[in-house]
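Just so you know, all these numbers are worked out from the coordinates, no wet-lab data involved. Computed from a prediction, not measured in an experiment: that's the story for all the values here. Here the Cβ positions follow ideal geometry from the backbone for every residue, glycine too, while neighbour counts run over all protein chains shown.
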There are 2 protein chains.
Amino acid sequence: MTYCVAAAVAEGIVFASDSRTTAGVDDVAVFSKMHVFEMPGERVVIALSAGNLATSQSVMALLRSRDAQGVNAAATLFDVATLVGQTLREVMQRDAPSLESAKIDPGCDFIVGGQVNGETPRLFHVYAQGNFIEATPDTPYFQLGETKYGKPILERILTRDTTLDDAAKCLLVSFDATLRSDLSVGMPIDLLAYEKGCLRVTRRKRIAEGDEYFREMTRSWAGGLRQAFAGLSNVNW
Amino acid sequence: MTYCVAAAVAEGIVFASDSRTTAGVDDVAVFSKMHVFEMPGERVVIALSAGNLATSQSVMALLRSRDAQGVNAAATLFDVATLVGQTLREVMQRDAPSLESAKIDPGCDFIVGGQVNGETPRLFHVYAQGNFIEATPDTPYFQLGETKYGKPILERILTRDTTLDDAAKCLLVSFDATLRSDLSVGMPIDLLAYEKGCLRVTRRKRIAEGDEYFREMTRSWAGGLRQAFAGLSNVNW
């Protein structure tokens, strides 16, 4: 599977993605699912991908090869999302018939977010059909792939007013729950916090197996959960 | 959907099930998914069901009508699980062709546990095909239906040595996460803690919307989580 999540808060947007790809449990590999387009001072666009790797790679490769007329020319992040959707449809038109005749799902989804100079940061979910929705304060985050294990903590913590630091921690706690339960989601985790108005990438981190911060954070979280659990009253039968 | 979960610990077995059935979001009803067979001093058998309601009701009705030669005559809980599986196959043989021709899934799963005098408590998962597996100290719990939202807390807390009281609380915390995320899982929750060697039902509770204990427990849990979260260090970019 895959796990990608991004949250738009008042201070910016945080993105996180795993990097395990599987073609069956006997064929596991590492591919980053975080794609960064950066024109410092002008725009930052992050795309997270889930689904068919050949499709998502083709979409990203075509977007990069057309950078100057594409992602880097778009006037708004809405236009970037439209472009990702169009390029996805182009690749699907090329590849889907062959894959579907072999009963392979050609589809992939993207989370696309960032900021274009002149706009506020925005976050979109582009579906496999190329259409898309935008995050709002009511639902400030999007997930792709193995979404369920890591959702409860997002629902409890994330709001529009969550700080960028807290949003980053919250995504990592969500990853912790997911990594423990689904072997098809795997490290390293790519984590990026985009600060509103910055128009360049300043906080980015790859968290690999054995990362000291992540180990300490998950240990502290596990201890906190045990303490919260110990504080619950027994059932009044 | 449905959410059922049962955990076998050293002191006994705890069972919990929701009671929402849905035939589309515009057709919601309340049916208990917890079925209790009790011969005080002799045996206690609890079955939790998930899947096609007509199938699971037929299985339970047939088992009840044959009580004296069936559940109440079985020498072991293994024999009870076998009987549930056989009765399920009987109902499937009768109903599955008609349902499958209408593209309706006729299947249902059961969690079956309890104690027969002379044995230690045992817990089984009976699949829709009538075969079954038994819980062991390595994996002391089974879930049916909407399993993912509520799994992380089970994985963190439940072991063979968890007390019966803590296991009951753990199942309710697991329910809390599930109820918040999946509207097709609904109250009331049927909760039952079977104490090893008791051979009768002593702790059983139906938790309905607005239940004071459950409200206080979820409030305390939410506060504990926020506190645990507040204790995490920021990401070291």
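Cβ-to-Cβ counts within 10 Å put A:PHE37, B:PHE31 in ascending order as B:PHE31, A:PHE37, the fewest first.
Counting only other chain Cβ atoms within 10 Å of each residue's Cβ, the peptide B:220-228 averages 6. Which of rounded, prolate, oblate describes chain A, given a ≥ b ≥ c as roots of the alpha-carbon gyration tensor eigenvalues and a/c under 1.5 marking rounded, otherwise prolate only if a/b is larger than b/c? The shape class here is oblate. When you look at the Cβ of every residue in B:140-152, what mean number of other chain Cβ atoms sits within 10 Å? If you average over the peptide's residues, the count of other-chain Cβ atoms is 3.
Peptides A:118-125, A:19-26 ranked from most to least packed by the mean count of surrounding Cβ atoms within 10 Å: A:118-125, A:19-26. Would you give the gap between the C-alpha center of the range A:22-48 and the C-alpha center of the range B:62-106, rounded to a whole Å? For the range A:22-48 versus the range B:62-106, the Cα centre distance is 50 Å. The angle between the Cα long axis of helix B:77-101 and the longest principal axis of the Cα atoms of chain B comes to about 80 degrees, rounded to the nearest 10.
Highest GNM mean-square fluctuation among B:LEU99, B:LEU48, B:LEU179, for chain B modelled with Cα contacts below 10 Å: B:LEU99.
Taking every alpha-carbon pair under 8 Å whose residues sit at least 6 apart, chain B reaches a relative contact order of 28 percent.
Axis between A and B by rotation; chain A residue with nearest Cβ and distance in whole Å recorded as A:LYS148, 2.
Mind checking which of B:MET60, B:MET34, B:MET217 has the largest fluctuation in a GNM of chain B, springs on alpha carbons under 10 Å? Its mean-square fluctuation being the largest, the pick is B:MET217.
When the charge dipole of the range B:3-230 is built from unit charges on Cβ atoms (+1 for Lys and Arg, -1 for Asp and Glu) and taken about the Cα centre, the candidate among B:VAL126, B:SER101, B:GLY210 whose Cα reaches farthest toward its positive end is B:GLY210. Remark: label point of B:ARG206 defined 7 Å out from Cα along the Cα-Cβ vector; separations to the same position in other copies 5.7 nm, ascending.
Adding -39500 (n - 2.57) for every DSSP H run of four residues or longer, then dividing by how many residues chain A holds, sets the calculated 222 nm ellipticity at -11500 deg cm²/dmol. Compared with the dominant Cα axis of chain B, that is its longest principal axis, helix B:164-181 is turned about 80°.
For the range A:1-99, just say rounded, prolate or oblate: build the C-alpha gyration tensor, square-root its eigenvalues into a ≥ b ≥ c, call rounded for a/c under 1.5, and beyond that prolate if a/b exceeds b/c, oblate if not. Oblate shape, in that a/c is at least 1.5 and b/c is the bigger or equal ratio.
Quick one: if the Förster radius is 22 Å, what FRET efficiency do A:ALA208 and A:ALA23 give, using the C-beta to C-beta distance and rounding to 0.05? The computed FRET efficiency comes out at 0.50. When a/c reaches 1.5 or more, the comparison of a/b and b/c decides; with that in mind, is the protein assembly as shown rounded, prolate or oblate per its Cα gyration tensor? Verdict is prolate for the protein assembly as shown. Calculated FRET efficiency, B:ARG89 to A:ARG89, Cβ-Cβ distance, R0 = 51 Å: about 0.60 to the nearest 0.05. Sorted from nearest, the other copies put their A:ALA54 label points 4.2 nm away, the label point being 7 Å from Cα in the direction of Cβ. Each copy carries a label point for A:GLU90 at 7 Å from Cα toward Cβ; from one copy, the others' points are 6.4 nm away, ordered from shortest.
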